[in-house]
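First comes the structure, then the notes that go with it.
The values are calculated or read from the model by the stated rules, or taken from the named source; none is laboratory data. Not measured: the values here are computed from a predicted model. Positions of Cβ are generated from backbone atoms using ideal geometry, with glycine treated the same way; all protein chains shown enter the neighbour counts.
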């Protein structure tokens, strides 16, 4: 599976907010079709790491490469950021749906404004995408009329509609109760099975173990331990990871 | 919700109406002590309401007040939005322009601004008509206040909305126009409505330039007939009724743009 050049390569990535360093030199490679899960305590840098991959968090050091697009330290030029975001989709913890647009309009907006497709075509593609996440019957619902799980599935459809190479999932079930979590995870599971490249940060340990090819345990902005999911869970090499897994149950 | 206690008990609106009627009654008793001449009110009311044209054949009274207010509000709305974007802009020039504009027009009396435009502009050449000068002054002043309303409304849109749009690859401009402003303008409706009601009454200041709006007529009728109080009270009631109508318009608009259709 890991043959050829990696789709994503991070080298010495540093990110800081003020004096606070949240990423202290991250090296990471992800190949197309892999599902990589970041685990670690809140504040360990999971979210920041994901956000460096689509330019939401400009780098303070090191480099990020996705496909043929490379980001270096500082604010990247706008065209490069746009090129990067064409390849990278993102789903957030709080869904961040546009509340003044219906489900189908949420998905169609970027198809129209970013990809320049006609309104009709964008609408058609959005419908297909929503059907894929099981919301074919809620096309014209407003976000507030949908459950949290449904909203998150619209957000996934919105990201996938642009046909990214990589999907970033930032604790996408943390705001959901267990029942709704299951329906969102089912969508991610199906995507993983289709061969989508996924990077996610999650506290859902069972799910991480089930779908991930690789697990990365972050501690204080550094990769503390990484490897195949099963191995990390069954035989953690560092006491910190063992303690973390124990605490997460 | 603790801020709006339950109003489902029967008769709430009836009791509110009774309170209103009681207070109105007190107001009427207070005013009745003035020994008013209602004949003069009846005689001058059509003029104040604008059923007549002034001697030059132009609008007067309520229609003129509404024309000035609506025109000034429309211009102020655009100015306010542009100034708000200037204040949020990364450009030093845009920020400087917006903050100077805001500071001057919020920091000086509206009456002075009106006189500066009406009496000051002719020094530079153009001699403005009273009504366009009034509309300009009101628009400039209220635009400055509205820029703060719009700025606050834009800033209040959840940061996640920007992030979601940026992650989709949308440009800042497209994101602003299609995602941020639609939400911000919706939240701004109550405050903008309050500005409009306030402007309706501040439009009386343009009477100093001799334009025949409600306040100008009330004062000149009052002066001519020695029935000042009658005319001023009539003007007050007219403004009040217009304000109530605007409040209703605002409530309707707020209801219209709720997401729950």
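Each row is one residue, and each column tells you yes or no for (1) in contact with a helix residue (DSSP H, G or I) (Cβ under 7 Å, 6 or more places away or on another chain); (2) in contact (Cβ under 8 Å) with a residue 12 or more places away in the chain; (3) over 24 Å from residue A:148 (Cβ atoms).
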site: A:30; (1), (2), (3): no, yes, yes
site: A:38; (1), (2), (3): yes, yes, no
site: A:45; (1), (2), (3): no, yes, yes
site: A:78; (1), (2), (3): no, no, yes
site: A:103; (1), (2), (3): yes, yes, no
site: A:107; (1), (2), (3): yes, yes, no
Taking the conditions exactly as written (over 19 Å from the mean Cα position of the chain (by Cα), touching a residue at least 60 places away in the same chain (Cβ under 8 Å) and part of a helix (DSSP H, G or I)), does residue B:68 satisfy them or not? no
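Condition first: in contact with a helix residue (DSSP H, G or I) (Cβ under 9 Å, 6 or more places away or on another chain) and within 14 Å of another protein chain (Cβ to nearest Cβ). Now tell me which residues in the range A:47-70 satisfy that. It would help to see each step written out before you state the result.
Step one: filter the range A:47-70 for residues in contact with a helix residue (DSSP H, G or I) (Cβ under 9 Å, 6 or more places away or on another chain), giving A:51, A:53-59, A:62, A:64, A:66-70.
Of everything in the range A:47-70, those that are in contact with a helix residue (DSSP H, G or I) (Cβ under 9 Å, 6 or more places away or on another chain) and within 14 Å of another protein chain (Cβ to nearest Cβ) turn out to be A:51, A:53, A:54, A:55, A:56, A:57, A:58, A:66, A:69.
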Of the conditions (1) more than 10 Å from chain A (Cβ to nearest Cβ); (2) at positive phi, residue B:169 fails just one. Which one is it? (1)
Consider the range B:117-143. How many of its residues are surrounded by 13 or more Cβ atoms within 10 Å (Cβ to Cβ) and within 16 Å of residue B:203 (Cα to Cα)? 16
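Rundown of residues vs (1) within 14 Å of chain A (Cβ to nearest Cβ); (2) within 30 Å of residue A:80 (Cα to Cα); (3) at pLDDT 95 or above, yes/no style:
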residue: B:160; (1), (2), (3): yes, yes, yes
residue: B:187; (1), (2), (3): yes, no, no
residue: B:193; (1), (2), (3): no, no, no
residue: B:230; (1), (2), (3): no, no, no
Cβ-Cβ under 7 Å, sequence separation 6+ or interchain: first residue in the range B:115-140 and without any contact (Cβ under 8 Å) to a residue 40 or more places away in the chain, partner outside any helix (DSSP H, G or I). Which pairs? B:117/B:128; B:121/B:128
Mind counting the residues in the range A:227-249 that are surrounded by fewer than 17 Cβ atoms within 10 Å (Cβ to Cβ) and more than 21 Å from residue A:173 (Cβ to Cβ)? 13
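Report whether or not residue A:86 is modelled with pLDDT under 95 and either at negative phi or at the interface with chain B (Cβ under 9 Å from one of its Cβ atoms) (or both).
Details: modelled with pLDDT under 95: yes; either at negative phi or at the interface with chain B (Cβ under 9 Å from one of its Cβ atoms) (or both): yes.
Against the criterion (modelled with pLDDT under 95 and either at negative phi or at the interface with chain B (Cβ under 9 Å from one of its Cβ atoms) (or both)), residue A:86 qualifies.
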Given (1) within 11 Å of chain B (Cβ to nearest Cβ); (2) surrounded by 19 or more Cβ atoms within 10 Å (Cβ to Cβ), residue A:145 misses just (2)
Could you grab me the full set of residues in the range B:144-184 that are surrounded by fewer than 20 Cβ atoms within 10 Å (Cβ to Cβ) and not in a helix (DSSP H, G or I)? B:157, B:158, B:171
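Counting just the residues of the range A:142-170 that are free of Cβ contacts under 8 Å to residues at least 60 places away in the same chain and outside any helix (DSSP H, G or I), which one comes out farthest from residue A:111 (Cα to Cα)? Even if it seems obvious, please write down each step before you answer.
Of the range A:142-170, the ones free of Cβ contacts under 8 Å to residues at least 60 places away in the same chain are A:142-151, A:153-154, A:157, A:161, A:163.
Within this subset, residues satisfying the condition of being outside any helix (DSSP H, G or I) are A:142, A:146-147, A:161, A:163.
Working: A:142: 19, A:146: 22, A:147: 24, A:161: 7, A:163: 10 Å.
In this case the residue turns out to be A:147.
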